Amino acid sequence: NAGVTQTPKFRILKIGQSMTLQCTQDMNHNYMYWYRQDPGMGLKLIYYSVGAGITDKGEVPNGYNVSRSTTEDFPLRLELAAPSQTSVYFCASSYSASPPKAFFGQGTRLTVV
Amino acid sequence: RKEVEQDPGPFNVPEGATVAFNCTYSNSASQSFFWYRQDCRKEPKLLMSVYSSGNEDGRFTAQLNRASQYISLLIRDSKLSDSATYLCVVILAYSGAGSYQLTFGKGTKLSVIP
């Protein structure tokens with residue numbers, strides 16, 4: 001029972017590099033989310049998706065892009081990495097039923113130097 | 001006023017103590033409420049939902065007061081394994097095409113001391 005799987009777990013990027021954080025879920029959830037968590041701060045929503053082919057911006061979308069070509073996968077793309085994007089990134093998914101209980105991946109620790 | 005506010009703590013309590021966490025939310029249209037637990041360097045995990053009637057799960061009791069826009073979590077007979085950060089989560093009014101927006105508080109850190 002894999003749940004929500006994120007890769008990689010850790011990554012160091014140089015300023016200006018790009019990368020894709022992978023997220024996949026095997027629970028057939030239609031809702032998926034990307035959050036970032038900075039030290040001592042709460043989780044901030046970057047992007048979310050209510051189903052395949054549908055994505056929308058969250059609270060802090062600048063510098064990121066997403067796609068949702070399948071129900072299972074919701075990759076997060078960083079273009080031109082900046083030190084301000086150093087953070088822990090969590091992917092989550094939930095059922096559409098109310099209330100939507102969210103299940104999280106184990107997180108990706110990203111450092112931009 | 002922030003959308004979801006929590007007492008940041010940290011709360012340092014001895015084993016066996018009772019500890020209470022509070023959370024307030026600003027949007028009266030908020031619909032659903034949860035407590036999540038996050039261990040150090042781990043992902044958040046759902047602890048329990050919160051209902052107006054109050055709900056209990058073993059040593060944990062959650063309560064919602066819609067009139068005061070206030071949520072609480074009570075832990076009785078605290079154990080060392082309860083040490084974690086407790087996140088209040090509020091589902092705000094729908095946005096977009098029938099989508100949900102989960103908003104997290106910053107969390108309250110609990111350390112249970114032997």
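Looking only at the range A:32-60, which residues are closer than 21 Å to B:Arg37 by Cα, crowded, with 18+ Cβ neighbours inside 10 Å and within 9 Å of chain B (Cβ to nearest Cβ)?
Selection gives A:Tyr33, A:Tyr35, A:Gln37, A:Gly42, A:Leu43, A:Leu45.
Among what's in the range B:84-107 and is in contact with a Phe, Trp or Tyr (Cβ under 9 Å, 6 or more places away or on another chain) and more than 17 Å from A:Ala92 (Cβ to Cβ), pick the residue that is modelled with the highest pLDDT.
Only one residue fits best here, namely B:Tyr86.
Consider the range A:17-42. How many of its residues are at pLDDT below 90 and among the hydrophobic types (A, V, I, L, M, F, W, C)?
Of the residues in that region, 1 qualify.
Listed residues B:Cys40, B:Cys88; which is touching a Cys at 6+ places or on another chain (Cβ under 8 Å), within 22 Å of A:Gln106 (Cα to Cα) and either within 11 Å of chain A (Cβ to nearest Cβ) or in a loop (DSSP other than H, G, I, E, B) (or both)?
B:Cys88
Restricting to the range B:1-54, what's the tally of residues that are open to solvent by 60 Å² or more (accessible area, probe 1.4 Å) and closer than 25 Å to B:Pro114 by Cα?
Here the count works out to 12.
If you scan the range A:74-103, which residues turn out to be open to solvent by less than 60 Å² (accessible area, probe 1.4 Å), at pLDDT 95 or above and not hydroxyl-bearing (Ser, Thr, Tyr)?
Listed by number, the residues that qualify are A:Phe74, A:Pro75, A:Leu76, A:Leu78, A:Ala81, A:Ala82, A:Gln85, A:Val88, A:Phe90, A:Cys91.
Residue check: is B:Asp57 over 10 Å from the mean Cα position of the chain (by Cα), farther than 30 Å from A:Phe10 by Cβ and at pLDDT below 95?
yes
Note down all Cβ pairs under 6 Å where the first residue falls in the range A:62-88 and is among the β-branched types (Val, Ile, Thr), the second is open to solvent by less than 50 Å² (accessible area, probe 1.4 Å), and they're at least six residues apart or on different chains.
From residues that are among the β-branched types (Val, Ile, Thr), the pairs are A:Val66/A:Tyr47; A:Val66/A:Leu76; A:Thr86/A:Val112; A:Val88/A:Gln37; A:Val88/A:Gly107.
The values are calculated or read from the model by the stated rules, or taken from the named source; none is laboratory data. Keep in mind it's a predicted model, so treat the numbers as computed, not measured. Cβ: placed from backbone, ideal geometry, glycine included. Neighbour counts: every protein chain shown. Quick note on the areas: whole protein, heavy atoms, side chains included, nothing else; ligands and nucleic acids left out. Shrake-Rupley method; radii C 1.70, N 1.55, O 1.52, S 1.80 Å.
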